[in-house]
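Since the structure comes first, as C-alpha cells, the remarks are kept for the end.
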Amino acid sequence: MLLHGKTALVTGSTSGIGLAVARALAAEGAAVMVNGFGEPQVIAAIVAELASASGAGALHDPADMADPAAIAAMVARCAAELGGPDIVVANAGIQHVAPIESFPVEQWDRVLAINLSSVFHLARACVPIMRSKGWGRIVATASAHSLTASPFKAAYVTAKHGLAGLIKTIALECARDGITANCISPGYVWTPLVEAQIPDTMQARGMSREQVIEEVMLERQPTKQFVTVEEVAAAALFLCRDEARQVTGANWSIDGGWTAQ
Ligand code: NAD
C-alpha cells in the first residue's frame, strides 16, 4: 500500500469527485478525514467503508468551507485524532449560474469563499504540519474553468482562476520542503454538481435538458464524453506518490481536450 502511514484530509468528500478521491487514497492505506454535507447515515457508511478499505482510521468533520474558524478546527482535529494531514485534497466546491447583471451578491461571496478562500485557510493551517514532517501533498480540484471562461459563471471562473494562482504560489513557497502543490482541472465530470446546474443553465440559455448536455457541456469537450470521478481520482493518487515529487505548481487538465482548443 503506497500511502500506508499517511493521513489525507479531503474536503467535499461526501459526494462526487471528493468521494472517489477519498476511496482511491484509502485503497492505498491512507487514513482519511472526510468532509462535506449529507445524510448522517450515508456519511457513517462512507467512513466505515474507508476505514475498512485502508485498515487505518477514518473520520468525518462537518466543517463548512465558508467558515475559516471551522477549517482551522478541522485541521487541528485531524492532527489530534488521525495525525497529519500529510495529504490535503482541497476539493469542496459549489457552482452558481446566472448572468453578471443579476448574479446574486451573496452567491458571488459564497462561491469565492468555498471554492477559493477555503484553500488559502487550509494551506495556511496545513503547511506548517507538512514542513515539520518534510513531506506533504496539496492537490486542489480546480477546473477547465481555471484556464478558460464560460458565460454565466462569473464567480466560479474567477474562483478557479484564482485557485490556480494560489496553488502555483504555494508550490513555489514550499519547493524546498518536500511539499508539492498542484491543481487537477477536469472538464465536465458527471456528478451531482453538474446535474444540479442543468436547470439554471436551461433557464439562462432557454434550452432543453438535452440541449444543455449536448450543446453546452459536451459541446466543448472534443471526446464528447463526460470525465469519470475515477479518472480524476487516479490523477490525484499519482500526485500523492513519491514518484511525483518533482511535479509541483502544475495544473493538470483532464478535460477530453477542451482546453487544447
Ligand atoms: P459534488 O456536488 O458532487 O460534491 C461537492 C462536495 O462538496 C460534497 O461533498 C458537498 O457536501 C461538499 N460541499 C459543498 N459545499 C461545502 C461547504 N460549504 N463546506 C464543505 N463541503 C462542502 O461536486 P463535484 O462535481 O464532485 O465537485 C467537486 C469539485 O470538483 C468542486 O470543486 C468542483 O468545482 C470541481 N469540478 C467539478 C467538475 C464537474 O464537472 N463535476 C468539473 C471541474 C471541477
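The values are calculated or read from the model by the stated rules, or taken from the named source; none is laboratory data. Nothing here was measured: the structure is a model prediction, and the numbers come from that model. So basically every Cβ, Gly included, is an ideal-geometry build from the backbone, and we count neighbours across all protein chains shown. Note: accessible area is taken over every heavy atom of the protein model, side chains too, but ligands, DNA and RNA are not part of it. Shrake-Rupley method; radii C 1.70, N 1.55, O 1.52, S 1.80 Å.
Probing with 1.4 Å while keeping every protein chain in the model, the per residue accessible area of segment 1-94 equals 36 Å². Other residues with beta-carbon under 10 Å from the beta-carbon of Val212 carry, at +1 per Lys or Arg and -1 per Asp or Glu, a net charge of -3. Can you give the FRET efficiency for Arg245 and Arg131, using 1/(1 + (r/R0)^6), R0 = 22 Å, r = Cβ-Cβ distance, to the nearest 0.05? Calculated transfer efficiency: 0.90. Protection proxy ranking of 232-241, 17-26, by the mean of other Cβ atoms within 10 Å over each peptide's residues and highest first, is 17-26, 232-241. Note on Lys224: aspartates and glutamates with a C-alpha under 18 Å away, same-chain residues under 8 apart excluded, are Glu195, Glu210, Glu214, Glu215, Asp255.
If a spin label sat at a point 7 angstrom from the Cα of Thr259 along the line to its beta carbon, the backbone N atoms of segment 216-235 nearer than 19 Å would be those of 217-235. By the combined test of axial Cα extent (at least 24 Å) and Kyte-Doolittle hydropathy (mean at least 0.0), the qualifying DSSP H helices of the chain come to 154-173.
Computed over protein heavy atoms with a 1.4 Å probe, the accessible surface of segment 149-198 works out to 38 Å² per residue.
Cross-link partners of Lys6 among lysines, defined as those whose alpha carbon lies under 21 angstrom from its own and excluding same-chain residues fewer than eight positions apart: Lys133. Here is the list for segment 125-195: trypsin sites (Lys or Arg not before Pro) lying in DSSP coil, each with at most 15 other C-beta atoms within 10 angstrom of its C-beta, are Arg176. If you find the alpha carbon centre of segment 201-261 and of segment 10-68, how far apart are they in angstrom? Computed from Cα coordinates, the inter-centre distance equals 22 Å.
Note on Thr228/Leu2: beta-carbon distance plugged into 1/(1 + (r/R0)^6) with R0 of 25 Å gives a FRET efficiency of 0.75. Taking only the Cα atoms of the chain, the ratio Rg/Rh comes out at 0.96, with Rh defined as the Kirkwood radius.
Computed in the context of the full set of protein chains, the accessible area of segment 115-239 at 1.4 Å probe radius has 56% of its extent on carbon or sulfur.
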